[in-house]
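Trainee: My questions all concern the structure below.
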Amino acid sequence: MKKTMITFALLAGLFGASSCAKVVPPNEKYDGKELTLKVGQYDYCGANASGLKEGFKYAGMSDEDIFTVVPQIYEKGYNLYFPVETKELEKGLTVLEVTPEYLKVRCE
């Protein structure tokens with residue numbers, strides 16, 4: 001039994017199974033869900049999302065009038081800059097609040 005549990009633990013580590021992982025069923029969406037991202041934190045709106053809703057990080061504020069997000073793109077990395085008055089990052093991704101510490105958005 002002990003050998004079986006050790007084998008299972010090793011396999012779980014290899015396949016990324018962990019209690020820290022965020023598991024989203026394939027067709028689940030976060031419609032109407034509010035996301036609050038601290039600087040450097042990543043999140044996404046759902047498994048079948050596209051564009052920024054597919055995933056992004058909040059990169060903070062470059063000055064008092066501009067905030068930055070980084071799209072989740074594996075091939076390249078780049079920042080998108082928005083004025084703090086921005087109401088939508090893209091269709092269905094509404095900005096609720098922006099501070100130097102966090103960004104709060106709603107997925108629709």
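Trainee: Please identify the pairs in which a residue from region 41-53 that is outside any strand (DSSP E or B) has its Cβ atom under 8 Å from the Cβ atom of a residue that is polar (S, T, N, Q) and surrounded by fewer than 17 Cβ atoms within 10 Å (Cβ to Cβ), counting only partners at least 6 apart or on another chain.
Mentor: Tyr44/Gln72; Ala47/Asn27; Asn48/Asn27
Trainee: Right, here's the next one. Collect the residues in region 54-100 that are more than 22 Å from Lys33 (Cβ to Cβ) and in contact (Cβ under 8 Å) with a residue 24 or more places away in the chain, keeping them in residue-number order. Break it down stepwise before answering.
Mentor: Restricting attention to region 54-100, the residues satisfying the condition of being more than 22 Å from Lys33 (Cβ to Cβ) are 60-66, 68, 73-79, 81, 83-85, 100.
Residues satisfying the conditions are Gly60, Met61, Pro100.
Trainee: Now a separate question. Within region 54-77, which residues are surrounded by fewer than 16 Cβ atoms within 10 Å (Cβ to Cβ), among the aliphatic types (A, V, I, L, M) and in a strand (DSSP E or B)?
Mentor: Across region 54-77, the qualifying residue is only Ile66.
Just so you know, all these numbers are worked out from the coordinates, no wet-lab data involved. What you see is a predicted model; the values in this text were computed from it and never measured. Methodologically, a virtual Cβ is constructed for each residue, glycine included, from the backbone with ideal geometry; neighbour enumeration extends over all protein chains shown.
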